[in-house]
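Right, one structure below, let's go through it.
Just so it is clear, none of the values below were taken in a lab; they were calculated from the coordinates. Quick caveat: nothing in here was measured; it's all calculated off a predicted structure. Positions of Cβ are backbone-derived with ideal geometry, glycine not excepted, and every protein chain shown enters the neighbour counts.
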Amino acid sequence: MTDRSFEVGPIRPPSEANSLLLQVARGCTWNKCKFCVVYRGDKFHMHQPDELKRTIDNMAYFRDMIASYVRTDGTLDREGLTLELGKLTQSELECFYMVYRWLSNGGTSVFLQDGNTVALKADKLADVLFYLREKFPQIERITTYGRAESIARHSLEELKLLRQSGLNRIHSGFETGSDNVLKLINKGLTQAQQIDAGVKAKEAGIELSVYFMPGIGGVEYSDENARETAHVINQISPDFVRFRTFVLKYDSEMVDLLRNGLFEECTDIQKLREIRNLIADVTAPDVTIVSDHIINLIGSLGGRIGTDKEKMLAQADRVLNLPPEEQRLYQLARRHGFIEDYPQLASIPQPRLLHLRGAAEKYYAADQWEAHLNNILRNYV
Ligand code: SF4
């Protein structure tokens, strides 16, 4: 019997929670960033267009299977479908449910995995995307991860072809705009490549969502990280700038930098100050700032630079200027995921607030305090 299962990669952006996941490649072409452990030990493999078309056929097979159990009045014959599902293997079942959930959520968006799918030749990737849209004509949005140097390697014409084939948005982890920090973390990129990639992608009509890591340059490069990152943003004017505040992972190579005295971690508050300084330096009006991850100290910090910049700066300043005890209380409440911004502290029930205050006082020494916060944060990354 034909095996209808297909591979699914480990990660996707939170904004793609309802997307169908099509694994174009396994792993990452670079796989050497010092902070990253996602694909450690995995060998990069690019699926060939024929394999990808087979995966798309399998997705369509599950779609058709569901459709064949929809009665003329639009209801689902669950009993019949359940009997049919009994013939599938465990991995086929998992794939079936992915397609089922995707269709239940509208079935209009697709995310191409893994770390760097734009490394595939543009004509090959475009061929697959045309095929995907032929099989699923209701698809409105196709997005993917892509490293800046791979985007930059494509000509403008090639990027336009990708856009025509349906690629709407590239999510790209720039992490920092500073060449010094890019070198420190072994990102394998330069600021010039980032700008080239970003400008070209936008010119081709592809939306760009770039990710930056406040704190990734440590104390030494904190100001430079904010300033140079803002410079890159201003040159490109990406559609979205997403923050992923740096958290030190013990199994990453950043630990070696720390041990060798080449990296001193910023405090939680210094990282927020970096975010604040970065926003202050961004002037491109159409950029939208997004803080859609629990590791950012203010979860609701976001908006369009052209209209919301002052509001965002005030939001950051409010936390930065809190009296020390109140600031710690906020940090702890946020780090435990109870709230998104300081005003919400008032909505926390008194007994819980008292508990948080007691916990905050327990870690009196600054280094203990940071270690405690980082221990909480490591649960999220
Ligand atoms: S490019 Fe992305 S996926 Fe690849 S090693 Fe760096 S952070 Fe990890």
If R0 = 30 Å, then Asp73 and Met1, at their Cβ-Cβ distance, give a FRET efficiency to the nearest 0.05 of 0.40
Over the range 323-381, relative contact order from alpha-carbon pairs under 8 Å, at least 6 apart, % | 36
If N is the residue count of the range 323-381, its Cα Rg over 2.2 N^0.38 Å rounds to 1.06
Set of aspartates and glutamates with alpha-carbon distance to Lys135 below 18 Å, sequence-local pairs under 8 removed = Asp50, Glu51, Asp57, Asp64, Asp127
Given Cβ charges of +1 for Lys and Arg and -1 for Asp and Glu, the option among Trp369, Gln344, Leu354 whose Cα lies farthest towards the positive end of the dipole of the range 323-381 is Leu354
Measuring from its Cα centre, the range 281-381 shows a charge dipole (+1 at each Lys and Arg Cβ, -1 at each Asp and Glu Cβ) which, in debye to the nearest 20, is 340
Calculated FRET efficiency for the pair Ile11/Arg304, C-beta based, R₀ 25 Å, to 0.05 = 0.40
Over the chain, what is the relative contact order in whole percent, taking alpha-carbon pairs under 8 Å and six or more residues apart?
-> 12
What is the dipole size for the chain, taken about its Cα centre, with +1 at each Lys and Arg Cβ and -1 at each Asp and Glu Cβ, in debye to the nearest 20?
-> 240
Please list 375-381, 232-238, 146-152 highest first by mean number of surrounding beta-carbon atoms within 10 Å per residue.
-> 146-152, 232-238, 375-381
Interchain or long-range residues, amide H under 5 Å from Glu207's placed H = Arg169, Ile170
Please give, to one decimal in nm, the separation of the simple spin-label points placed at Arg318 and Ala346, each 7 Å out from Cα toward the Cβ.
-> 0.9
Using DSSP, restrict attention to beta bridges with both residues in the chain and report what percent are antiparallel, rounded to the nearest 5.
-> 15
Folded to 0 to 90 degrees: helix 366-377 orientation relative to the chain principal axis, Cα | 10
Given Ala226, Phe130, Gly303, which one lies farthest toward the positive end of the charge dipole of the range 14-322, if we put +1 on the Cβ of every Lys and Arg and -1 on the Cβ of every Asp and Glu?
-> Phe130
Return the sequence-ordered ³J(HN,Hα) values of the range 226-233 in whole Hz as given by the Karplus equation 6.51 cos²θ - 1.76 cosθ + 1.60 applied to θ = phi - 60°, using x for Gly and Pro.
-> 5, 5, 6, 5, 4, 4, 4, 4
Can you tell which of Asn31, Pro10, Leu52 lies farthest toward the positive end of the dipole of the range 1-88, using +1 and -1 charges on the Cβ of basic and acidic side chains (Lys, Arg; Asp, Glu)?
-> Asn31
Give me the angle, in degrees from 0 to 90, between the Cα long axis of helix 350-362 and the longest principal axis of the Cα atoms of the chain, rounded to the nearest 10.
-> 60
Hey, what angle do you get for helix 122-135 against the long axis of the chain, alpha-carbon based, 0 to 90 degrees rounded to 10?
-> 60
Please list, in chain and number order, the residues 5+ apart from Gln113 or on another chain whose amide H is under 5 Å from its amide H, with Hs placed from the backbone.
-> Leu22, Gln23, Val24, Ala25
More than 41 Å apart - percent of Cα-Cα pairs taken over the chain | 21
³J(HN,Hα) computed for each position of the range 103-119 - Karplus, 6.51 cos²θ - 1.76 cosθ + 1.60, integer Hz, glycine/proline x | 5, 5, 8, x, x, 10, 10, 10, 10, 8, 9, 10, x, 8, 5, 6, 6
Measuring from the lowest to the highest alpha carbon on each principal axis, how far does the range 124-276 reach, largest first, in angstroms?
-> 54, 31, 25
Going down the list Lys160/Lys309; Lys34/Lys249; Lys271/Lys311, which pairs span over 21 Å between their C-alpha atoms?
-> Lys160/Lys309
Multiply the residue gap between Asp123 and Lys32 by 0.36 nm, knock off their C-alpha separation, and tell me the result in nm, one decimal place.
-> 30.0 nm
Short version: ³J(HN,Hα) in whole Hz for each residue of the range 32-48, in order, from phi by Karplus 6.51 cos²θ - 1.76 cosθ + 1.60 (θ = phi - 60°), x for Gly and Pro, what are they?
-> 10, 5, 5, 8, 9, 10, 4, 10, 3, x, 8, 8, 5, 9, 9, 5, 7
Measuring from label point to label point, each 7 Å out along Cα→Cβ, what is the Tyr380 to Ala284 span in nm?
-> 2.5
Cysteines without a disulfide-compatible partner [the chain; Cβ-Cβ under 4.7 Å] = Cys28, Cys95, Cys266
The extension gain from Asp64 to Glu140, computed as 0.36 nm times the residue separation minus the Cα-Cα distance, is 25.4 nm
